[in-house]
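What follows is a set of notes on a single structure, which appears directly below.
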Amino acid sequence: MSGINAILQPGMLVRHPARPDWGVGQVQSNIGERITVMFPDAGKVVVDGSRVTLELVDAST
């Protein structure tokens with residue numbers, strides 16, 4: 001895994017680039033290429049990190 005997905009840790013806030021309607025999600029786990037994120041409008045989603053690069057959200061904004 002490379003890029004932003006490689007540094008994602010539990011608690012970090014992210015957006016799914018193809019699903020902005022899901023809102024800002026919180027990373028639950030990042031194991032291999034499987035990133036589990038809890039989105040407010042989609043629930044728990046397991047993202048394939050080899051296919052989707054999540055967008056990191058600045059928590060201070």
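The values are calculated or read from the model by the stated rules, or taken from the named source; none is laboratory data. This structure is a prediction, so every number in the text was calculated from the model and none was measured. Note that each Cβ is placed from the backbone with ideal geometry, even for glycine, and that neighbours are counted across all protein chains shown.
Summary of values
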{"item": "From the options 40, 17, residue that is of a type outside the set (S, T, N, Q) and touching a Phe, Trp or Tyr at 6+ places or on another chain (Cβ under 8 Å)", "result": "40"}
{"item": "Filter result for the condition that a residue is loosely packed, with under 10 Cβ neighbours inside 10 Å and either touching a strand residue (DSSP E or B) at 6+ places or on another chain (Cβ under 7 Å) or touching a residue at least 24 places away in the same chain (Cβ under 8 Å) (or both), over 25, 11", "result": "11"}
{"item": "Test result for residue 5, part of a helix (DSSP H, G or I), within 11 Å of the chain's Cα centre (by Cα) and not small (Gly, Ala, Ser)", "result": "yes"}
{"item": "Region 45-61 residues that are under 14 Å from residue 30 (Cα atoms), paired with ones that are at pLDDT 95 or above and of a type in the set (Lys, Arg) (beta carbon under 6 Å, 6 or more apart)", "result": "46/34"}
{"item": "So residue 42, is it of a type in the set (A, V, I, L, M) and loosely packed, with under 10 Cβ neighbours inside 10 Å", "result": "no"}
{"item": "Some residue of region 29-38 being of a type in the set (Val, Ile, Thr) and more than 9 Å from the chain's Cα centre (by Cα)", "result": "yes"}
